[in-house]
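The values are calculated or read from the model by the stated rules, or taken from the named source; none is laboratory data. Because the structure is predicted, anything quoted here is derived from the model rather than measured. Methodologically, a virtual Cβ is constructed for each residue, glycine included, from the backbone with ideal geometry; neighbour enumeration extends over all protein chains shown. Keep in mind that these areas ignore ligands, DNA and RNA; they rest on the heavy atoms of the full protein, side chains included. Shrake-Rupley method; radii C 1.70, N 1.55, O 1.52, S 1.80 Å.
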Amino acid sequence: MLFSRWGAFAYRFRRPIVLVTVLFAIASAVIGARVTSALSAGGWVDPTSESFAVSARLNDEFGAGRGTLIVLYQGEPGSDARSAAVQGAIATSLARLAADSRVEDLVGFAQTGDERFVSTDGRSAYVVVRLAITDEQSVDEMDALRALIDPPTGLTYKLAGIGPFTRDQAHQSEKELIQAETVSGPFVLLILLVVFASVVAAGLPLLVAALTIPTALGGIFLVAQVTDLSIYVQNVATMLGLALAIDYSLFMVSRFREELRRGRTVAQAVETTVATSGKAVAFSGLAVAIGLSGLLLFRPMALRSFGIGGSLVVASSVFFALTFLPAVLGMLGTRVNALSLTGLIDAIRRRLGRPPAAEAASARRSRWAAVANLVMARPFAFLIPTLIFLLVAGTPFLHLEQGIPNAATLPPGLESRDAAVALANDFKAGETTPITILANVQGDPTSAANIGRIDQLVAAIDAIDGIDRVEGPFNGLRDPQTGAALSVEQVAAFYAAPLSQLPPQLAAAREQLTSAYVRGSTVRLDAISPIDAVSPAGTALIPQIRGTAIEGGTTQVGGLAAEGHDFMTSQASTVPYAVGVTLLASALILYLLFGSVVIPAKAVVMTLLSITASFGALVWIFQDGNLSNALGFTSPGFTIAGNPIIMFSVLFGLSMDYEVLLLSRIQEAYRRTGDNRASVAEGLARTAGVITGAALIMVTVFSAFALAESITIKSIGVGMAIAVLIDATIIRVLLVPAAMRLMGHWNWWAPGPLGRLADRLGFSHVEDGAPVDGGGSVDPSPRLAGS
């Protein structure tokens with residue numbers, strides 16, 4: 001009776017509850033207004049991985065882990081970026097930036113004469129600005145740094161790097177949030193008006209969503225002060241907040257109006273609503289939160305942050321659904337039906353020659369009951385083809401390939417994206433994303449013996465298919481007079497000679513090589529590959545490089561490709577635990593709610609089937625590139641890493657919304673009648689309209705995010721819209737009735753000890769003890785339990 005008592009409490013103190021919750025939401029909104037500035041574009045790195053350790057060593061030992069800014073200059077067709085005029089214009093453009101205290105130095109064609117800094121067509125050049133601050137710090141300094149670059153005559157310039165990418169990603173994220181809310185809002189309101197036929201009732205779910213989202217964003221901002229969170233958390237938070245808050249409100253407002261139609265007083269209606277739909281919302285929210293909490297097991301911040309942010313959204317949705325909403329319903333009472341559109345709808349229906357809305361609703365319930373009875377009459381005829389369809393729809397997932405999102409996943413027109421694409425396409429491939437190898441030797445790394453060992457390692461790495469060349473301090477050195485490659489002994493002599501005995505040019509070259517590549521007993525090597533570092537083919541090089549060995553020493557491999565490989569490895573090792581925790585915890589929640597071990601097992605299997613089909617669609621569309629023209633994207637050739645497990649965690653919880661709502665009504669009917677087939681038909685008939693409306697709202701919200709230009713958010717939106725559509729139609733209308741018909745009264749079975757435990761806990765009891773539809777009181781006895 002816990003939820004009944006809470007319903008009574010919410011009604012009794014309805015005005016203070018409304019006041020406190022609204023003030024809490026306003027305070028959270030003030031805090032959450034700054035959430036974008038607290039989020040990060042990174043997080044696709046496992047902090048326990050080898051590549052992360054290499055990054056830390058580069059920062060600590062080589063000073064190469066600080067931030068970098070790439071300035072790309074593009075000239076007119078036919079211009080020569082190598083010319084003194086162009087290089088002079090670039091130097092003048094960067095003069096003020098180079099003198100700034102936040103900048104260490106510049107590296108480009110003018111400083112090195114290296115052709116890598118000039119595009120293959122000769123008209124473009126880039127300069128690497130090595131910063132004295134980190135990439136994260138550079139994000140806030142980007143406007144100030146940009147202001148120090150003077151526009152050069154005859155050239156255009158763009159900025160690339162982590163700082164510009166993070167800024168563009170944040171702006172794009174905010175733009176897509178506004179777009180999604182603007183597009184989905186009118187459609188959601190229209191659906192709610194159709195479902196409720198009342199402006200006041202339709203406005204309540206939107207009001208709850210308006211309180212939920214700012215509260216969740218405020219919580220995300222506070223959490224971001226103590227741990228890094230991904231920039232995409234605010235998109236997922238808004239997406240989930242709209243869907244969950246509106247769904248939960250839809251369930252409860254529908255039940256409240258139903259109880260009023262039965263002749264209950266306002267106080268009784270509030271109490272019953274919280275006791276039934278409120279309890280379903282609480283358990284559903286718990287299931288969603290558990291599904292999302294599986295993401296907390298992952299080490300990369302980007303995945304963990306979705307679990308943290310999503311859980312905050314769920315908590316906010318349930319909080320307002322169980323506090324603000326019943327209190328407002330208690331204040332409104334029968335005025336929840338105010339500004340009714342029934343007359344208008346009936347007038348329209350009469351003109352169309354159709355019956356009034358009330359009669360149509362009754363007819364629809366009868367039709368849904370007829371559908372349920374039809375399915376239950378021939379369960380195998382519906383069950384087997386549906387299973388085949390879902391499994392076949394999921395087959396594209398078998399060739400899933402994942403890649404790390406980079407600037408290319410952003411829409412064209414954004415500066416950092418266009419600059420990154422130009423660097424990848426117009427310049428020699430792979431120059432800006434080397435694979436870094438730190439070779440640790442015993443003793444002096446410039447001794448002849450260790451130089452020989454390093455050369456053998458370089459040769460082994462260079463022989464790997466996909467590696468263009470390996471740069472280091474020893475290979476590629478030539479006699480300045482003859483041009484012949486130096487032998488190991490000659491290289492060792494070159495490094496052993498006192499600098500004072502070397503010509504100034506050679507002495508400067510040796511100091512530059514030593515500074516860039518040698519620290520203590522460690523030698524840095526850079527393997528250059530033309531393969532895109534974030535692609536599956538690029539990350540596949542890492543195990544081969546790590547498979548090489550150096551005699552008497554050790555190696556560590558880092559760089560963007562290594563970070564991607566380590567992310568995939570970390571993700572793959574954690575997925576079984578995250579999935580297992582989600583499945584077991586969700587099954588436990590359903591057992592506590594329904595007092596059965598069969599219902600949870602069936603629910604888990606059916607949810608997995610709907611998710612499998614949506615995963616197949618995700619790969620077929622975004623990895624294989626189907627429907628790319630219709631959806632307005634260019635496939636990167638892989639699925640964005642992390643999206644499948646994020647979708648799994650979110651969708652598994654969301655599917656419990658419909659499962660809990662449908663099964664709660666079926667259980668109410670079954671405990672009242674003891675007739676399995678009739679209770680399934682009644683449960684489907686009573687919830688079909690609400691579930692259909694809720695599903696349409698979720699699909700609308702997710703589809704609005706499918707309009708996003710960034711592939712990361714677009715693919716999540718499309719995938720989740722498909723999954724919800726499948727779950728609310730094929731699963732709930734066909735599979736659930738068929739499976740429950742086949743299981744019969746065993747649906748509610750639990751072994752003796754578990755059955756008695758469920759009875760003692762009391763969560764599985766139907767708390768509505770008043771007469772229902774003229775029938776007798778609820779009899780909680782018809783449940784099978786083992787002895």
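Structure notes:
- Accessible surface comparison of SER79, SER586, probe 1.4 Å, protein chains only, largest first: the order is SER79, SER586.
- Label of the coordinate-derived value, P(r) over Cα pairs in 10 Å bins from 0, in percent, listed as (i) 3, 14, 24, 25, 18, 11, 5, 1, 0, 0, 0; (ii) 3, 12, 20, 21, 16, 11, 9, 6, 3, 1, 0; (iii) 2, 10, 13, 12, 10, 8, 6, 6, 6, 6, 7, 7, 5, 2, 0, 0: (ii)
- Listed residues GLY285, PRO396, ILE611: farthest to the positive end of the dipole of the chain (Cβ charges): GLY285
- Residue-span extension gain [THR92 to LEU339] - 0.36 nm each, minus C-alpha spacing: 82.1 nm
- Accessible area of the stretch 637-694 divided out per residue, in Å², using a probe of 1.4 angstrom: 17
- For ARG82 and ARG478, the FRET efficiency from 1/(1 + (r/R0)^6), where r spans their Cβ atoms and R0 equals 22 Å, is about 0.50.
- DSSP bridge orientation in the chain - percent antiparallel, rounded to nearest 5: 90
- Share of carbon and sulfur in the accessible heavy-atom surface of the chain [1.4 Å probe, %]: 62
- Largest to smallest accessible area among THR700, THR634 [probe 1.4 Å]: THR634, THR700
- Stokes-Einstein D (µm²/s) once Rh is taken as the Kirkwood radius of the stretch 201-309 over alpha-carbon pairs, at 20 °C in 1.002 mPa s: 140
- Taking all Cα pairs closer than 8 Å and separated by 6 or more residues, the relative contact order of the chain comes to 19 percent.
- Tilt relative to the chain, helix 14-32 - C-alpha long axis, 0 to 90 degrees, to 10: 10
- For the stretch 545-625: rounded, prolate or oblate by the Cα gyration tensor [a/c cutoff 1.5]: oblate
- Neighbourhood net charge (10 Å Cβ-Cβ; Lys/Arg +1, Asp/Glu -1) for ASN337: +3
- Computed from label points 7 Å out along Cα-Cβ, the spacing between THR673 and ASP465 is 6.6 nm.
- Cα centroid of the stretch 609-656 to Cα centroid of the stretch 521-558, whole Å: 31
- Peptides 264-274, 140-150, 496-506, ordered by how many other C-beta atoms sit within 10 Å of their residues on average, highest first, read 264-274, 140-150, 496-506.
- Basic side chains Lys and Arg get +1 at the Cβ, acidic Asp and Glu get -1 at the Cβ, and with that the dipole of the chain about its Cα centre reaches some 4320 debye.
- Taking the stretch 363-500 and dividing mean pair separation by its residue count, relative contact order in percent (alpha carbons under 8 Å, at least six apart): 13
- Given R0 = 60 Å, the distance between the Cβ atoms of ALA370 and LEU222 translates into a calculated FRET efficiency of 0.70.
- The stretch 412-549: radius of gyration and largest Cα-Cα distance (Dmax), Å: 17.3, 55
- Scalar couplings 3J(HN,Hα) for the stretch 447-458, obtained by applying the Karplus form with A = 6.51, B = -1.76, C = 1.60 to θ = phi - 60°, are 6, 4, 5, 6, 4, x, 5, 5, 4, 5, 5, 4 Hz; x denotes Gly and Pro.
- The stretch 136-270: translational diffusion in µm²/s, Stokes-Einstein, Kirkwood Rh over Cα pairs, 37 °C, 0.692 mPa s: 178
- Reference-scaled alpha-carbon Rg (2.2 N^0.38 Å with N residues) for the stretch 585-657: 1.41
- With only Cα atoms counted, the stretch 163-233 has Rg and Dmax values of 16.0, 50 Å.
- Relative to the longest principal axis of the Cα atoms of the chain, the long axis of helix 711-726 makes an angle of roughly 20 degrees.
- Toward the positive end of the charge dipole of the stretch 633-706, with +1 on the Cβ of Lys and Arg and -1 on the Cβ of Asp and Glu, the farthest Cα among VAL699, GLY637, ALA669 is that of ALA669.
- The stretch 155-164 - phi-based ³J(HN,Hα) in whole Hz, Karplus 6.51/-1.76/1.60, Gly and Pro as x: 10, 10, 9, 9, 9, 10, x, 4, x, x
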